[in-house]
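Trainee: This structure is in C-alpha cells; I'll ask about it shortly.
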Amino acid sequence: MLETVKHTIAAYRMLTPGEPVLVALSGGADSTALLRALLLLGYPVRAFHLNHCLRGAEAERDEAFCRSLCARLQVPLTVSRADIRAESVRRGESIETAARHIRYERLFAAAGADRIATAHTADDAAETVLFHLARGTGPEGLTGIPPVRGQLVRPLIEATRADVEAFLRQLGQDYVTDSTNADDRYTRNRIRHAVMPVLREINPAFLDAVTRLSGLLRQDNAYLDGEAERLLCAARRASGKWQVDTLRSAHPALRSRAVKMLMERSDMPMRDIAASHIQALERLLETDAPSAALSLPHGFTARREYDTVYITAAAASALRREPVLLTVPFDRQVWDGTLHLSVRRLEKKQSFYKSFNTFLVDCGTICFDTFCVRARMPGDRLRLSEKGGSRTLKKLMIDRKIPRLQRDELAVLADKNGVIAVQNLGMDISRAPKGGALIEIKIEG
C-alpha cells in the first residue's frame, strides 16, 4: 500500500517532499493507516481529531485512542469537541450535515496554510458514485471523490479498504471501529454491505473500473468546464448581466454548465440547486417573452429582460417614490438618495449645456403650484416630436427596451396638465422653449 500512496501523491501533485500536512484522524482503520503511511514516507505530520459527542463512551474511547497513538508516534495532535446534536438544531441542519460542516470548519482552522489529508479510499469513492447514481446525478456526480480539492488531499484514494487492513496488519497497528458503520439505516452503509459485494461478484475488478471511469469523467469535466467558462465570458455584459443569444445558441452540454456557473457567480447557495432549476433557467433563455422571471431557492430570482438575463437576491421592499413638490431653484437628492434633481431658472443669454436627462422647459407651460417629480401613473402620456402623436409611457418604455423592473423607478416631471419630461425618455414637445423664460431640469441617478 505504501507504494500506492507514494504513486498517488506524485501523480496528483498532492504534496512536495517534506511538506507539512495535517491528518484528519478519527482513529478508524483508514485514518490510522494514512497517518502511519505519511510518517513512513517522511512527511512532517500533525493530526486533528474531532469528538462529535454523539456516541457517549465510544466517542471518548476514540479520542483516547487518538491521543495515545499520537503520543506514541510523537505526532502533535489537536483535539476539538463539539455538541453536534445541539449544533444541528441551532443551524437547522441534519446531524450528518452539521457534523460534516463543523468537521471541515475546524479542520481548516487547525491547518492554517498546511495541506489537509483525509483518509478517503477507492471504496469510499466507489460508494460515493453509487450513492449519487441512486439519487440521480449528472456526469459530475460520477467523478466520485476528487483526489485533490484546494487545500484537501486524499493520498489513499487509489488504495482499497483491503489494502488498508493488510497494511495495518503488517505494522501490527490496531485501530477503533465506529459502531454506526454497521447500521444499515444509513444509505452509505447499505451500499457498502449489500450493493458492493454483488458488484464485486459480477466484476472482481469493480473498484478499478469505477476508479478508471471517475478519472476519465474528471478529465472530460475539466475540458467542458473550461469551454463553458469561455462561453460565459463571451456572454458577459455590464452590471452582472448575460447575453441571451450567446448562451441560447451554445451546445446544450456547454449551456447547462454555463448556466450553473452563472448561478454560482450570482452568489447563490448551490446546495439546494437541482437539475430542474438549471433546466428551468435554460427554458427562460428560450422564451419569446421580452420580460420573464424564474423563482429560485433561497429567495433568488432569475430575470429575462429583452436580450439579457441576470440573477438577483431577494429584493427588499420596493422604495416608495412619493411625489415631491418642486420649487425653483431646487437642488438636492430625493427618494432616499437614489435620485439627484436640480431645477434652475435660466437668465437671458445664460449658457445651457444639453446632455442626457437635461431638459430645457418653457416656464409658461408649467403650473408651478403642482410642479412635482413622481413615479409614472396609469394614463401618463408623452409626445416626443412634432411628427408623432402622444403615446403612453408604458409603450414608449417597451419600445426603448427599458426593463420592466426599472420602469417604476424612473423620474417623471409633471404638473396638473400632464407629463413634462421623463428620465431616460425625453421631454414632451409641448413644453419646448417658445421664446419666453426658461428653466433647466437636470436628472441624475
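The values are calculated or read from the model by the stated rules, or taken from the named source; none is laboratory data. What you see is a predicted model; the values in this text were computed from it and never measured. So basically every Cβ, Gly included, is an ideal-geometry build from the backbone, and we count neighbours across all protein chains shown. When the accessible area is computed, the model is the full protein with side chains, heavy atoms only, and any ligands, DNA or RNA have been set aside. Shrake-Rupley method; radii C 1.70, N 1.55, O 1.52, S 1.80 Å.
Trainee: Given the criteria among the hydroxyl-bearing types (Ser, Thr, Tyr) and either open to solvent by 20 Å² or more (accessible area, probe 1.4 Å) or free of Cβ contacts under 8 Å to residues at least 24 places away in the same chain (or both), does Ser31 qualify?
Mentor: Taking the combined requirement at face value, the residue does not satisfy it.
Trainee: If a residue must be touching a residue at least 24 places away in the same chain (Cβ under 8 Å) and outside any helix (DSSP H, G or I), how many such residues does the stretch 51-88 contain?
Mentor: Selection size over the stretch 51-88: 14.
Trainee: Looking at the stretch 270-298 only, could you name the residues that are in contact (Cβ under 8 Å) with a residue 40 or more places away in the chain, of a type in the set (A, V, I, L, M) and loosely packed, with under 14 Cβ neighbours inside 10 Å?
Mentor: Start the filter on the stretch 270-298 by keeping residues that are in contact (Cβ under 8 Å) with a residue 40 or more places away in the chain, which leaves 275, 285, 290-291.
Now drop any that are not of a type in the set (A, V, I, L, M), which leaves 275, 285.
Correct list: Ala275 only.
Trainee: Of these, Thr327, Thr312, Thr392, Thr358, which one is closer than 30 Å to Thr287 by Cβ, at pLDDT 85 or above and either out of contact with any Ser or Thr (no Cβ under 9 Å at 6 or more places or on another chain) or not charged (D, E, K, R) (or both)?
Mentor: Unique residue meeting the criteria: Thr392.
Trainee: Would you say Arg72 is loosely packed, with under 14 Cβ neighbours inside 10 Å, at pLDDT 90 or above and not hydroxyl-bearing (Ser, Thr, Tyr)?
Mentor: Taking the combined requirement at face value, the residue satisfies it.
Trainee: For the stretch 182-198, which residues satisfy the criterion of being in a helix (DSSP H, G or I) and free of Cβ contacts under 8 Å to residues at least 40 places away in the same chain?
Mentor: Ala182, Asn189, Arg190, His193, Ala194, Pro197, Val198
Trainee: Could you tell me whether the stretch 198-206 includes any residue that is farther than 25 Å from Leu2 by Cα, surrounded by fewer than 15 Cβ atoms within 10 Å (Cβ to Cβ) and among the small types (Gly, Ala, Ser)?
Mentor: Checked against the condition, which is being farther than 25 Å from Leu2 by Cα, surrounded by fewer than 15 Cβ atoms within 10 Å (Cβ to Cβ) and among the small types (Gly, Ala, Ser), the stretch 198-206 yields no hits at all.
Trainee: Check the stretch 99-109 and report whether any residue there is in a helix (DSSP H, G or I), surrounded by 14 or more Cβ atoms within 10 Å (Cβ to Cβ), free of Cβ contacts under 8 Å to residues at least 24 places away in the same chain and in contact with a helix residue (DSSP H, G or I) (Cβ under 9 Å, 6 or more places away or on another chain).
Mentor: Yes, because at least one residue in the stretch 99-109 is in a helix (DSSP H, G or I), surrounded by 14 or more Cβ atoms within 10 Å (Cβ to Cβ), free of Cβ contacts under 8 Å to residues at least 24 places away in the same chain and in contact with a helix residue (DSSP H, G or I) (Cβ under 9 Å, 6 or more places away or on another chain).
Trainee: Exactly one of (1) open to solvent by less than 60 Å² (accessible area, probe 1.4 Å); (2) of a type outside the set (Ser, Thr, Tyr); (3) under 19 Å from Val176 (Cα atoms) is unmet by Ala86. Its number?
Mentor: (3)
Trainee: Would you check if Thr211 is under 33 Å from the mean Cα position of the chain (by Cα), over 20 Å from Thr8 (Cβ atoms) and crowded, with 16+ Cβ neighbours inside 10 Å?
Mentor: When the stated conditions are applied, Thr211 does not pass them.
Trainee: Of all residues in the stretch 110-142, which are part of a helix (DSSP H, G or I), among the aliphatic types (A, V, I, L, M) and open to solvent by 80 Å² or more (accessible area, probe 1.4 Å)?
Mentor: Result: Leu133, Ala134.
Trainee: If you don't mind, another one. Quickly run through the stretch 174-193 and pick out the residues that are open to solvent by 60 Å² or more (accessible area, probe 1.4 Å) and of a type in the set (A, V, I, L, M, F, W, C).
Mentor: Matches in the stretch 174-193: Ala182 only.
Trainee: Let me ask something else about it. Mind counting the residues in the stretch 214-234 that are of a type in the set (A, V, I, L, M, F, W, C), within 15 Å of Ser256 (Cβ to Cβ) and open to solvent by 60 Å² or more (accessible area, probe 1.4 Å)?
Mentor: Selection size over the stretch 214-234: 0.
Trainee: While we're on this one: Kindly indicate whether Arg257 is modelled with pLDDT of 90 or more, open to solvent by 40 Å² or more (accessible area, probe 1.4 Å) and in a helix (DSSP H, G or I).
Mentor: In short, yes.
Trainee: Of everything in the stretch 240-254, what is within 19 Å of the chain's Cα centre (by Cα) and open to solvent by 30 Å² or more (accessible area, probe 1.4 Å)? Give them in sequence order.
Mentor: Gly240, Lys241, Leu254
Trainee: Scan the stretch 146-173 for residues that are under 25 Å from His52 (Cβ atoms), without any contact (Cβ under 8 Å) to a residue 40 or more places away in the chain and open to solvent by 20 Å² or more (accessible area, probe 1.4 Å) and jot them down.
Mentor: Hits for the stretch 146-173 are Arg149, Gly150.
Trainee: Still on this structure, I have one more. Working only within the stretch 284-298, note down all residues that are within 26 Å of Arg271 (Cα to Cα) and among the charged types (D, E, K, R).
Mentor: Glu286
Trainee: Tally up the residues in the stretch 365-379 that are within 47 Å of the chain's Cα centre (by Cα), within 11 Å of Leu413 (Cα to Cα) and of a type outside the set (A, V, I, L, M, F, W, C), please.
Mentor: Number of matching residues: 2.
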